[in-house]
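Asks: One structure, pasted below without further comment.
Please treat every number below as a calculation from the coordinates, not as lab data. Every value quoted in this text rests on a predicted model; they were computed, and no experiment measured them. Quick reminder, even Gly has a Cβ in these numbers, built from the backbone with ideal geometry, and neighbours come from all protein chains shown.
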Amino acid sequence: MLALTMVFGIESTMVSVTTDLNKGVLDRFRAMPMSRSAVLVGRSAADMIESLVSVLMLLVAGLLMGWRWHGGFAAGLAAIGLLLLLRFAMLWVGTYLGMAAGKPELVQAVQILVSPVGFLSNAFTSADTMPDWLGAIAEWNPMSATATAVRDLFDNSGWGGDSWAVDHAGLLAVAWPLALIVVFAPLAVRRYQRLGG
């Protein structure tokens with residue numbers, strides 16, 4: 001649930017970006033003497049604060065319902081860090097896709113691209129229960145890597161597996177978000193620079 005929340009929060013970013021775009025907010029910022037990336041970095045920082053609050057609320061709700069993590073405090077902080085890293089990457093994806101969609105009405109059409117990330121993962125069931133080709137996709141999914149790594153860090157039982165992706169989920173939980181940021185942050189900044197001509 002924690003990893004799903006980090007991925008599916010992307011629609012709020014997309015709606016916010018398209019709303020600001022259509023109300024002229026981004027044009028006003030573009031006219032100001034500031035770094036071209038400052039507006040997008042500021043938006044991401046604000047969204048990250050909201051994401052941190054969401055993660056903490058989910059953790060508190062889980063604790064109240066009887067969920068416990070069995071790893072140490074440092075491992076718990078590392079798990080939260082991996083969740084927020086995934087969210088930060090998804091914010092950049094959402095920012096770019098929101099500017100590409102251009103209108104809030106088109107966000108739903110673009111959001112369909114995000115659903116496979118959540119549902120073709122090991123969040124709900126083990127990849128071993130899927131056909132081989134689908135299980136391979138699920139195991140290499142960025143959200144699966146984060147979900148598996150977070151389960152390991154919280155020392156909660158999760159799905160097994162004997163693939164490289166499962167055995168190195170922690171590494172992939174860092175590598176996938178960093179790769180997404182490296183690709184989508186520059187794309188988003190470039191798209192922002194080209195707004196309005």
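Asks: Across all directions of projection, what mean area in square nanometres is found for the Cα convex hull of region 2-193?
Replies: Numbers: hull surface 46.3 nm².
Orientation-averaged projected area of the Cα hull: 11.6 nm².
Asks: Another question, if that's okay. Using C-alpha positions alone, give me the convex hull volume of region 132-197 per residue in cubic angstrom.
Replies: It comes to 104 Å³ per residue, whole-number rounded.
Asks: Okay, next question. Label points 7 Å out from Cα along the Cβ direction at M65 and S37: separation in nm?
Replies: 3.8
Asks: With angles folded into 0 to 90 degrees, how steeply does helix 142-153 sit against the dominant principal axis of the chain? Use alpha carbons for both and round to 10.
Replies: Value to nearest ten degrees: 50.
Asks: Within 10 Å of each candidate Cβ there may be at most 13 other Cβ atoms; applying that plus a DSSP loop requirement, which trypsin sites (Lys or Arg not before Pro) in region 119-197 survive? Don't skip to the end; give the middle numbers.
Replies: Values: sites: R151, R190, R191, R194; in loops: R194.
Answer by residue number: R194.
Asks: Only Cα pairs under 8 Å and at least 6 apart count here; give the relative contact order of the chain as a rounded whole percent.
Replies: About 32 percent, as a whole number.
Asks: For region 155-194, run through the chymotrypsin sites (Phe, Trp or Tyr not before Pro) and keep only the ones in DSSP coil with at most 11 other Cβ atoms within 10 Å of their Cβ.
Replies: Within region 155-194, no chymotrypsin sites (Phe, Trp or Tyr not before Pro) qualify (loop, at most 11 other Cβ atoms within 10 Å).
Asks: With everything on Cα atoms, drop me the angle between helix 38-64 and the longest principal axis of the chain, reported from 0 to 90° to the nearest 10.
Replies: Helix 38-64 sits roughly 30 degrees off the main axis of the chain.
Asks: Also, I was wondering about something else. Which angle between 0 and 90 degrees, to the nearest 10, do you get for helix 73-101 versus the longest principal axis of the chain when only C-alpha atoms count?
Replies: Between helix and principal axis, roughly 40 degrees.
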